[in-house]
Structures are given as structure tokens and as C-alpha cells.
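Asks: One structure is given below, represented as C-alpha cells, and several questions about it will come after.
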Amino acid sequence: STLLRFLKSNCTKDNATYLLRREAGQQNVQLYDVTAISASRQRKWIWWLAMMSYRFALRLGQMMEMEDAARKRQFRDRKRGLLTTCLELLHDLNDMDGGAHETLCASVEEHLADTFLKEDGDGPHPSSESFPAMTASQQPYSCVSIDSLNKAQDHLKSGTRVMWVLLNRTEEQEKETREKLANSPRRRQVVRVHSEDSSSDDDDSNSDESSQHVSYGLQSISMQLFGLLHKSINVSLRLAEYHLQNYFSSSAMRELRSAARRISEGITLLRHMGGDDDICHLKNTLQCQYTWLWEHCGHFARSFAADELWRDRGHACGDDVISVLRDAEAALSLSNISRGQSKPSSWMEDFSSDASLTKDTNGSVTLLKVSGIIHVEMESSDPDMEAHSSGATMARKLLEQQRQIQRDKLRVLVAACISYSRAIDSIQKLSRIGFSVERPPPSTTSESSLLSMLQQRLGDGCNEIGKILLNDLRSILSGKNSNLSASERPAVAGVLLSSAEVLFNEGLTVFQDCNDVCNIALLRCNLCQCCKLQTNSNYSSQSTESVSDRAEFHLQEAIDQLQKAHDALGDRDTNPRIWDMVSNELAATFLVLGVRRRQSLLGGGTMPVVMQSLRLAPGKEKSIIDPMERAVEIYSKVGNNHQEAAANYQLALFYSKVWTCQRDEAKTRDKLARAFQHFGSAYGYFSRAPAGNESTFVILSLDLANLYAVVSGKEGLSKALACCLDTATAFSFESIDAALERQDNAEWLQRMSTLASSLEEQIFKFLVSLVKIEKDSGGGETLYREMYRNGLKSKMAMKTSEARPGTPDFLSAFHEILLSIKETS
């Protein structure tokens with residue numbers, strides 16, 4: 001205890017080293033302050049002290065594995081102090097011309113970095129719910145605090161700088177050695193005498209040994225530098241993930257650029273480490289980091305496109321994101337990673353080759369071409385080639401003229417897709433040789449799930465870009481975009497449509513690769529929309545003789561896409577919501593196909609066909625009925641009563657046109673009965689349909705009334721009149737009040753006023769016919785005469801009120817006419 005008190009009172013300097021010595025056989029103990037000796041700048045003592053600190057630090061590192069958490073922290077702090085002392089002594093030794101000892105300094109810096117990287121991670125790890133989950137949870141250092149990562153990165157950078165200086169100097173020495181060997185007189189001597197052979201061989205042997213020594217030194221230096229770069233890349237990627245989760249845009253971009261540059265430097269180092277077989281594992285390790293880099297780049301771009309906080313908190317714009325991705329691509333270009341080599345190695349193309357998405361789009365989608373417009377390959381003799389090229393140019397200009405937020409979203413999504421495509425290509429290359437892309441701890445995702453996740457995000461990105469292009473196309477078709485003339489619209493619309501279709505197909509292929517059946521179904525629905533839009537002859541990709549043939553082709557193509565969507569899902573239990581959505585879309589397409597065929601074969605309007613020569617052949621009649629009946633069946637299964645009633649209405653219109661031109665009475669009765677049956681089904685729904693369907697109910701009632709009126713006799717006319725009078729609910733005060741609360745109230749009032757005029761004309765026409773029949777019967781009945789008289793009184797009152805069409809007062813007055821006639825009955 002006396003000795004300990006003596007040491008405690010005398011060993012008081014921080015970061016000092018003391019030597020306690022006792023002579024053999026002596027009781028006296030001597031204490032030496034070795035720090036004072038080192039201060040005298042004696043190189044031998046400094047070297048010994050540096051090595052002693054280094055070895056003690058390594059020994060503490062071995063002892064830490066067997067201690068508890070508290071002791072580990074104490075040992076780690078002590079190890080960090082010893083390594084810092086060692087590094088300071090080595091720098092002092094260098095100042096005294098005692099040698100730079102670059103490899104040792106770099107090793108000390110690496111060990112110092114390890115003391116921060118092997119912490120238990122008790123620092124803060126804030127995350128963002130909106131930011132997509134990344135594979136960084138399987139990457140190294142996922143549990144290390146951010147402060148420790150930054151400190152470790154500083155030490156790794158210091159060690160890297162030292163090693164690069166040493167590597168460059170060693171390369172120069174090797175180059176000089178090779179030049180000396182090449183210019184040696186004995187090397188050029190052709191004829192030699194026997195007495196010179198031995199000395200010449202000795203000299204050549206010494207030169208070869210020197211060259212071999214330099215090569216081995218270069219290889220060992222490269223290997224040590226590679227290890228530092230490898231750790232630095234992992235730290236940069238982990239820091240990038242943290243900054244991305246917290247919207248620190250400038251810091252995230254700095255770390256992504258730093259990781260890309262270090263991967264490029266690591267690739268260039270491999271040329272010093274032997275043949276392709278020797279560096280296989282190192283190359284695969286870099287390929288794994290390359291995958292993580294592009295995954296982070298893809299997440300950055302995808303998050304920016306979906307989250308407005310990047311502008312509010314991160315103060316970033318779309319050009320900033322794309323610039324980072326372009327810098328990463330430039331750092332990993334073949335010209336950059338193969339510098340210093342006369343011929344690049346074949347494996348270097350794994351890091352610099354184009355993404356699969358770029359290849360699939362014939363180079364139309366790159367980080368330098370992020371408009372999303374895809375140039376379709378055509379023959380030089382194709383007459384549409386010039387129109388497509390000019391349309392593509394105009395489409396790009398049109399997209400450039402959009403608001404910055406819209407423009408940035410599209411461009412950044414394209415960049416995200418390219419990044420994901422590169423990451424997927426890298427994973428697939430590593431999977432083919434059996435190298436694991438990640439080292440998942442227990443209960444984490446596997447490599448296959450990582451690949452599937454990236455494929456899903458690539459597919460989502462392609463889908464989003466396609467939908468944006470389709471929205472731009474719809475704005476052109478609706479006339480909202482006034483930047484294009486009428487002659488330019490077809491070409492631009494065709495380019496937008498073909499580009500969207502290519503991207504949807506690309507997303508579909510990716511989802512099929514990862515067997516994501518729900519997204520496969522959704523992509524096929526979007527492809528169905530592309531097919532429907534192509535029914536317009538102005539920008540259809542299908543060249544046929546007539547517009548009807550073209551529409552038929554594309555509608556049938558749309559049906560095929562939706563049926564394949566159902567095949568992918570298998571049954572409704574897989575995803576009821578998506579199944580019903582596909583079913584509704586399929587039924588709507590069947591209905592459109594049937595209506596188009598009906599209009600093509602029978603013409604528009606509701607007038608019945610009376611000429612036998614216009615009677616449809618059984619096959620053509622079936623081609624109209626089958627898709628409509630399929631639509632009714634599908635709507636019935638999914639419980640879409642509104643659309644089921646609409647499909648029944650279209651079937652009723654078909655039968656009401658063809659029942660008059662049948663071959664015999666049986667066929668005529670059958671078709672007429674079917675017309676009444678489908679009209680009844682539709683009428684039953686729309687008569688009690690929710691608000692907003694009043695106009696459909698009135699039109700349906702008029703069509704049904706006309707069919708009843710065609711059937712001769714008082715009964716048919718009375719039923720026709722009853723149908724018209726039942727529309728009174730559509731003009732009621734409740735319907736008007738509900739319409740006034742909607743945004744489209746002006747349009748609704750105008751439409752209902754027009755229908756009221758047509759309905760009024762039909763009602764009085766039926767009343768006149770019924771009054772005449774009543775008078776001719778001679779039975780003394782006056783019901784319809786009273787109805788007609790009351791209707792005229794209400795009509796006169798309506799005119800005296802001077803209510804203008806398109807106003808609630810006009811519809812209220814018409815409602816009074818209907819009620820006065822109906823109440824008389």
C-alpha cells in the first residue's frame with residue numbers, strides 16, 4: 001500500500017509513461033519518468049515508446065473480448081489513449097528525420113477508427129417513418145452512433161492519405177527500376193564472354209530481386225490501402241443512410257459522392273494485387289458495396305419524388321439529386337476506373353456497364369436523359385420515323401415547360417429507376433457466382449428478399465413514370481394544354497403513349513421476375529388504359545384500314561391484358577380489392593366493345609331498324625350481345641349495381657333497335673321481351689338511384705316510353721305516359737337542393753332543363769294520342785282529357801312565371817306540371 005501511495009502521488013502527468021525498476025537483491029525501488037527521456041528527442045527512445053504503446057494497445061484489444069460492457073469501455077478508452085500516444089510519437093520521430101513509417105501510421109489510424117466502429121452503439125439513431133427501409137440494417141456499423149462514425153471516418157481518411165502518398169512513391173520507384181532494367185547495357189548485350197557470365201547473372205539477379213521486392217511492396221501497400229478504403233466506404237454509406245433519414249441533403253450527397261470515389265479508387269488498386277483469380281473475393285466485396293451505393297442513390301431519388309420535406313427541410317431540388325447520381329456514375333465510369341492501364345480488365349465492365357433499363361430502352365433512359373421519353377426504334381424507310389422523332393422532341397420540350405415540382409418529380413423518378421436497375425444488375429451478377437450480397441443477422445431479410453425489394457421499387461418507379469406520362473397525354477387530349485397546335489398534338493400524344501407503354505412493360509417484367517402478383521395485375525390494368533387510349537386513330541400504333549378495325553384491335557388487346565391480370569391473381573382471395581378493380585375494368589371494357597360494335601353495325605341513335613336488308617347475321621348479333629352480357633355478369637358478381645344497370649340499359653337499347661326486323665313473329669316477340677326485361681332491370685335501379693343520376697334516369701325513362709309507345713294500343717301509350725310521369729322525383733325540390741350543393745350545379749341545371757323540354761314534349765304528345773283514343777272509344781271516359789287540361793293549366797302558369805331555363809325555378813315549375821298531371825290520374 002505504501003508503494004501504491006507513492007506511485008499515486010508521483011505519477012500525476014496525463015498520457016505519461018513511467019518505468020518502475022528494482023535491482024536484483026535490492027529492496028530499493030526506483031521510478032523513472034520515461035516521458036522526460038522522450039522529450040529529449042532521442043529517436044531510439046521515441047521508437048521504443050511508440051512500439052510499447054502500440055503493443056499494449058493491441059493486447060488491450062484482445063483482452064476486451066472477455067470483459068463486461070463497463071470494463072470494455074474502460075479498456076477501449078485506454079486503448080484509444082495508447083494509440084493516440086503512439087501516433088504522436090511516430091509524428092515526432094518523423095520530424096526528427098527518423099522515418100515516416102507510413103504503413104505503421106496508417107495501421108494505427110485504422111486501429112483508432114476500429115475503437116469507434118466497435119462500440120455498442122449507445123448514440124442517437126433518429127429515423128424517419130416516411131423514408132423507405134434500406135438494407136443498411138444488414139450493412140456493417142448499423143449499430144454505431146453517428147458521432148463515432150464521423151470520428152472513425154476522420155481517422156480512416158488520415159490513414160488513406162498517408163498510404164496514397166506511399167503508394168505513389170512506390171509506383172515511381174518501381175517505374176524507375178523497370179527503366180533501369182530496360183536500359184541496362186548487360187540486358188542489351190547479345191554476345192557475352194564466359195568470364196562475364198557469372199557477374200552478369202549476379203547483377204541481373206540483384207536487379208530482378210530489387211524489382212520483385214518493389215512489386216511485393218506495392219502489393220502489400222495496395223492491400224493495406226484497400227482495407228482502409230473498404231471500411232471508409234461502409235462508413236460513408238452508413239452516414240449517408242442516417243443523413244437521408246433526417247433530410248440532411250448536403251451531408252447525404254457528400255457521403256454518396258465520397259463512397260463512389262472510394263469504390264473507384266478501390267477498383268484501381270486491384271491491378272496491383274495479382275491476377276483475376278487472386279482478386280476475385282476483393283472484387284466481389286467491392287461489387288457488394290457498389291450495390292449498396294446505387295440502392296442508397298435510388299432511395300434518395302425515390303424519397304425526394306414522394307416527400308415535400310426534402311424541399312422544406314433539406315433545401316434541395318431535383319437537379320441536386322440528379323447531379324449526385326451523375327457524379328457517382330462518372331466516378332465509376334470505365335475511363336476513370338481503368339486509368340493507368342493500357343487495356344481495361346474485362347471484370348471492370350461489371351462496374352461501368354449500362355443499366356439494364358438503359359439497354360431495354362435503347363439508350364433513351366440514362367442519367368443524362370431523364371425526361372422519360374423513349375425513342376422507338378424504326379426502320380430508316382419507315383414513313384412514321386420523322387414524325388416520331390419530331391414528336392419526341394416536342395414532347396421533351398413540353399415536359400420541360402411544366403412547373404418545377406412536376407418536372408423534378410418525373411426526372412428524379414427516372415433517375416431512381418436507373419439506380420435501382422444498376423443495383424439489381426449487380427446483385428444478379430453476384431448471385432450467379434454464389435456470393436452473398438448481404439450478411440443478415442438473425443431475423444433479418446435474406447438476399448432473395450433484398451432483390452425482390454429492389455425489383456418492386458424499380459417496378460413502382462416505372463409504373464409512376466408511366467402514369468405521369470398518361471396524365472400529360474390526357475391533358476393534351478382534353479385540350480387543357482394550349483402550348484401545342486392541333487397538328488402537333490397527335491405526334492406528341494403518340495410519343496407519350498408509346499413511352500408510357502414501354503415503361504409499363506418494363507415494370508411488368510420486373511414484377512414478374514419477383515412474382516409480385518398484385519402489382520402484375522395493376523400494371524396490366526395500366527397497360528389496358530394504354531390500349532383504350534389507342535382506339536383513337538390519330539395516334540394508334542396499329543395500322544389498319546378503318547377506325548372501327550383499329551378500335552376493335554385495341555379493345556380486344558385491353559381485354560387480353562385484364563384477363564391475364566385475373567390469371568396472375570388466381571382467385572379473389574389473393575387480394576379482393578385488386579380483383580374487384582380488375583373485374584370492374586374488364587366489365588367496362590367488354591361494355592365499351594359491345595357498344596362500339598353496336599354503333600358500327602347499327603349506327604347511333606335509338607330508332608329501330610325496320611328494313612329486313614339491315615338485319616344482322618346471327619354471328620354479328622352474337623358479337624354484340626356476348627361482351628355486354630359478360631359485362632352484366634361481372635358487374636353482378638362484384639356487386640356493382642350501378643354499372644350493372646348501365647350495362648342492362650345498353651343491352652335494352654340494342655334489343656329495342658333490332659326487334660322490328662326479325663325473320664318471324666317468334667323472334668320478334670323474343671327480342672321485344674328481352675328489351676323490356678333489360679329496360680326493367682335498369683329502370684328498377686335508376687328509379688331509386690342516389691343523387692347525381694337524375695339525368696340518366698330521365699333519358700332511360702324516355703327511351704322506355706318510346707318503346708312502349710311503339711307497341712300499338714292504349715295500354716302501350718298509358719305505360720309510356722306513366723314512365724314519363726315517374727321522372728317527377730328527378731325534378732323534386734330535394735333533388736334540386738342536393739344538386740345546388742355540388743360543384744357542377746350549373747351544368748346539372750342546364751342539362752336537366754334541356755331534358756325537361758324533351759320530356760314535356762313527349763308527355764303532351766302521349767296525352768294527345770290517349771285523349772283521341774279515349775274520344776274514339778265512345779265510352780264517356782274523360783281521365784286523359786282531365787290530365788291534359790290540368791297539364792296545360794300548369795304549363796301556362798309556368799310561362800307566366802317567366803322562369804328561365806337553367807335555373808332552379810324553371811325545374812320547380814316543370815315539377816309542378818308533372819305533379820298536376822300525375823295527381824289527376
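The values are calculated or read from the model by the stated rules, or taken from the named source; none is laboratory data. It should be emphasised that the depicted structure is a prediction, and the values quoted were computed from it without experimental measurement. As a convention, Cβ positions derive from the backbone with ideal geometry for all residues, glycine included, and neighbour counts pool all protein chains shown. Accessible surface is based on the protein model in full, side chains and every heavy atom, while ligands, DNA and RNA are left aside. Shrake-Rupley method; radii C 1.70, N 1.55, O 1.52, S 1.80 Å.
Asks: Sorted by average packing, counted as other Cβ atoms within 10 angstrom per residue and highest first, what order do 745-752, 315-322, 500-507 take? Mind showing how you got there, number by number?
Replies: Values: 745-752: 16.8, 315-322: 18.9, 500-507: 25.4.
Answer by packing, highest mean first, reads 500-507, 315-322, 745-752.
Asks: Would you mind computing, in nm to one decimal, how far apart the modelled labels at GLN173 and GLU488 are, each placed 7 Å from Cα along Cα→Cβ?
Replies: For GLN173 paired with GLU488, the spin-label model returns 6.7 nm.
Asks: Rounded, prolate or oblate: which one fits the range 211-253, using the alpha carbon gyration tensor with axes a ≥ b ≥ c (rounded when a/c is under 1.5, else prolate when a/b beats b/c, else oblate)? Intermediate results must be reported in sequence, preceding the final value.
Replies: On the way: a/c = 9.60, a/b = 4.77, b/c = 2.01.
Prolate shape, in that a/c is at least 1.5 and a/b is the bigger ratio.
Asks: Still on this model: Describe numerically, in nm with one decimal, the distance between label points set 7 Å from Cα along Cα→Cβ at ASP319 and at MET51.
Replies: If labels sit at ASP319 and MET51, their model points lie 5.9 nm apart.
Asks: Can I ask one more? So how do THR800, THR268 rank on accessible area, 1.4 Å probe, biggest first, that is with the largest at the start? Don't jump to the answer; show the numbers that get you there.
Replies: Working: THR800 105, THR268 5 Å².
If we order THR800, THR268 from most to least accessible, we get THR800, THR268.
Asks: Ignoring ligands, DNA and RNA, what percent of the 1.4 Å accessible area of the range 603-702 is carbon and sulfur? It would help to have the intermediate numbers written out before the result.
Replies: On the way: 2540 of 4790 Å².
Of all accessible area on the range 603-702, carbon and sulfur atoms account for 53 percent.
Asks: A further question on this structure: Can you tell me how the range 708-825 classifies by the Cα gyration tensor, rounded, prolate or oblate, using a/c under 1.5 as the rounded cut? It would help to have the intermediate numbers written out before the result.
Replies: On the way: a/c = 2.73, a/b = 1.99, b/c = 1.37.
Since a/c reaches 1.5 and a/b is larger than b/c, the shape of the range 708-825 is classed as prolate.
Asks: Calculated FRET efficiency, ALA70 and ASP327, Cβ-Cβ r, R0 56 Å, to nearest 0.05?
Replies: Working: r = 45 Å, r/R0 = 0.80.
The value I calculate is 0.80.
Asks: For ASP312 and ARG403 in one chain, what is 0.36 nm times their gap in residues minus the Cα-Cα distance, to one decimal in nm? List each step's numbers first, then the result.
Replies: On the way: separation 91, 0.36 × 91 = 32.76 nm, distance 1.71 nm.
Extra length from ASP312 to ARG403 when fully extended: 31.0 nm.
Asks: Go through MET96, MET348 and list them by solvent-accessible area, largest first, probe radius 1.4 Å. Before the final figure, lay out the partial values.
Replies: Working: MET96 30, MET348 0 Å².
These residues rank, largest area first, as MET96, MET348.
Asks: Mind grabbing the accessible area of THR115 for me, 1.4 Å probe, Å², rounded to tens?
Replies: In the full protein context, THR115 sits at about 10 Å².
Asks: Write down Rg/Rh for the range 454-506, rounded to two decimals, with Rg from the C-alpha atoms and Rh from the Kirkwood relation over Cα pairs.
Replies: Working: Rg = 12.6 Å, Rh = 11.6 Å.
Rg/Rh: 1.09.
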